[in-house]
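What follows is a short report on a single structure.
Rule-based calculations on the coordinates, nothing more; no lab input. Nothing here was measured: the structure is a model prediction, and the numbers come from that model. Here the Cβ is made from the backbone with ideal geometry for all residues, glycine too, and neighbour counts use every protein chain on show.
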Amino acid sequence: FSAPTVEGLHRAIREVSPPTPMSLTSAIGRDLDTITMTALAKETNRRYATAADLAEDLARFRRGEPVMARRPGPLDQAWRWARRHPVAVAVMAVVAALLLLIGILSARVWTTWDDVEQQALAQRDREVESLVARGFREGRPEKGDAAIERARANFEAALELDPSRIDAAGGLLLTSYWSRPLEETAALLASRFGDIQDRPAIRMFDGLIKSRLATNDPEPIRLDLTSMQSAPAVEWFLIGRQIAGLGWELQDQEISRQSLEALTVAVATSPAPRFFFHNELCSSAWDSGEIETLGRFARAMVELWPEEPEGWFYQGCALHNRDLVRARAAYEKALSIDERQAGVWANLVSIHIREGRRELALDCARRAVAIDPQAGHAQQALAAALLELERPEEALEPARRALELIPRHVRARVVVVDALDALDRHDEAWATITEGLQLMPKNGEMQNLAGVHLMRTERVANAEAYFRQTTHWLPEFSAGWNNRVTALIALRRWAEAWEVSQVLRDKWPDDPRNWITSSILAYRLISARTAAEYLKRAASLRPDDADIAYRLAIALQHDGQPQQALEVVDAFADSGDPRLAGRREELILDAEHQALYRRWKAGEYELDDDPSTLQGIAFQAWALGDFEGASTIYLRIEDDFGVSAIPAIFAAPSLLGSTRDDPSSDQARDRRELALIVTMDLVDQGKSSPNPAMQGDLDGLVVALLHAPAFEFVRQGLGFRPDELARWSRFWVKARAVDEGLRSP
């Protein structure tokens, strides 16, 4: 060792290992080097224990045997070095710990930063999704310019956050299309979205705008759907949304159904449920009259987003014409989530009107207008409520305001026409209808409005043609079918009316009005018993309806069931309906007459009462299908009291029915002629049937001929001579007219 000072030399001896012999000369072998370094080791436990051990190892080396000494390994050397330099080791340990800590912190910071970035992106996506959803909620042409501008602002904000969102781009183009000049929309498409013009939805926008600029033709561009096979859901959504807007613009349910098809694909192929996809699909289903589809997807919305009012609103729409109670509950649920839903308040108006709560309907309408005075449907609801309260002058202002806000709002046009008709301003009403038909020639509700107006002004044949168009363009619109039945009944086209009533029963079996309509026709074409069965079905659907109870009581009475009819009347004793109260005494008398009839048939009673009692007994015979018995009683009345005492409405069919087995006999001829006499008496005097469904002169004739087609009856039964033909000419014309209507299914 060497050192400049004695202390340095001592420290070197203590702490520094001496150089190995092999580092000084390569002539020394590894074993001798190991023996030497073991002998010089500073740690006693590493040196030879005794000089004899050292001598023994040297002898082994000289004999060429393996030596006992071992060279220290790297770890051993490091450990010895650390023991000799504790301060340096401590410093190095601190430095290593710091480096390790820095590494851990760096990894943590990197991971946290990545999480923060991912969270920021997720938050941005949520904000964009919310903005786009709000945009599509607001951006509907029927909501007016203010709503469209709010939607436009939402789409712009979404594109600022994420310029790559094609749904936001499509929404912005839609709002521009509905609220700005076409040239401005074309410029927007070219300047901001030129790089995505190859996308199917954007390509359709481009074609639509160019078509409108060239020809002003609003019909949708027919897209080659083969290019859409692998298109993402958002493309289908945007195309469906475009077509939906065009369907609304033209008020064309066929176009709306095309949009429904595209939107259904969008919902089905979307990787995850998207609120505004479902919302738009429900709106399109409502516009196109596809109520079953609306109900199915409204239920899906309620399950997926129970805290959003739109799902409950559309569920109410789906139930609106089927189940008033459940529809009202759905609307009320929507309002419990957000009471500032003008559309919900507006829809509640018609619910309350149909339930007879007219003041409550007016209150709902006023709330709708207060929430959004620029909403056409709210103004229309206010007008409808005022009309229901028989205030047509007041109703005209909000109705015209609704039409001004949304010229293609059919229901606004309906209340304008209703108000004008109520004020006997029929020419103005028809002008309003004509304008609507020009704007919306394929709209079923518009056709229905024309038919309703023509019915009011007694142009029934023309009205029926419009109702036929209504059911063609809008097959799921129950009012159109109901109105068509009414027109056919007014035209005495019974067979057609019966067929349409079957459609009503099949499509809407839970609507009691359809069973009432069928009961009226069954009364005319089949029997009172069938009419009673239909009315029982109506009563099961609306058990508290006094009008249905009244109709059922009459049907049971005319079917020879006065006791059952009396039970129906007594069940409504507290209803306050004067018709039911008045019917009770008559039913008690009918029950007495039926008892007398049964006694007469059993040989326990003679026909020697006054004509009024005999007529009652004859009626019971007729109601029970005993035409021979009824004919016998009527002939007895004729013999004893004269023809004028015979009630034609019941005598004629009884006399006819009693001759069906042998129409060629003299007795049959006499009775048919008597049936004609009493029928003509009914026609001439303008008497009406006690059945409220049978009013007017031809009604009595129809009843008289229920058991034989009129033409055959006249041709075979009377054998008119030329001089008699003039006498019966008026009846002949009526009989032939009725003949076609009597060909019941």
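What order do you get for Asp115, Asp198, Asp287 when you list them from fewest to most C-beta neighbours inside 10 Å? Working shown, then result.
Details: Asp115 10, Asp198 7, Asp287 22.
In increasing order of surrounding Cβ atoms, one gets Asp198, Asp115, Asp287.
Can you give the Rg/Rh ratio of the stretch 318-364, where Rg is from the C-alpha atoms and Rh is the Kirkwood radius? Walk me through the numbers on the way to the answer.
Working: Rg = 9.9 Å, Rh = 10.6 Å.
Using Cα coordinates only, the ratio equals 0.94.
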Calculate, in whole percent, how much of the Cα-Cα pair population of the stretch 353-440 lies beyond 20 Å.
29 percent
Most exposed first, judged by fewest Cβ atoms within 10 angstrom, Leu521, Leu541 run Leu541, Leu521
Beta carbons within 10 angstrom, averaged per residue: use that to sort the peptides 256-268, 415-427, 310-322, highest first.
310-322, 256-268, 415-427
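Rounded, prolate or oblate: which fits the stretch 231-339 when a ≥ b ≥ c are the square roots of the eigenvalues of the alpha-carbon gyration tensor, with rounded for a/c under 1.5 and prolate only if a/b beats b/c?
Numbers: a/c = 2.24, a/b = 1.39, b/c = 1.62.
It comes out oblate by the Cα gyration axes.
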Length-normalised contact order of the stretch 447-543, Cα under 8 Å, at least 6 apart, in percent, tallies to 18 percent
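Counting other Cβ atoms within 10 Å of each Cβ, which GluC sites (Glu not before Pro) in the stretch 537-624 have at most 15 and sit in a DSSP loop?
Working: sites: Glu567, Glu585, Glu586, Glu592, Glu604, Glu606; in loops: Glu604, Glu606.
In loop regions of the stretch 537-624 (DSSP not H, G, I, E or B), the sparsely surrounded GluC sites (Glu not before Pro) are Glu604, Glu606.
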Can you give the charge dipole size of the stretch 353-440 about its Cα centre, rounded to the nearest 20 debye, using +1 on the beta carbon of Lys and Arg and -1 on the beta carbon of Asp and Glu?
380 debye
Rg/Rh (Cα only; Kirkwood hydrodynamic radius) as it applies to the stretch 341-380:
0.95
So how far, in whole Å, is the C-alpha centre of the stretch 277-348 from the one of the stretch 510-573?
34 Å
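Would you list Val302, Val344 from fewest to most Cβ contacts within 10 Å?
Numbers: Val302 19, Val344 27.
Neighbour counts put them in this order, fewest first: Val302, Val344.
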Rounded to whole angstrom, the alpha-carbon centroid of the stretch 487-506 lies from that of the stretch 144-210 at a distance of 49 Å
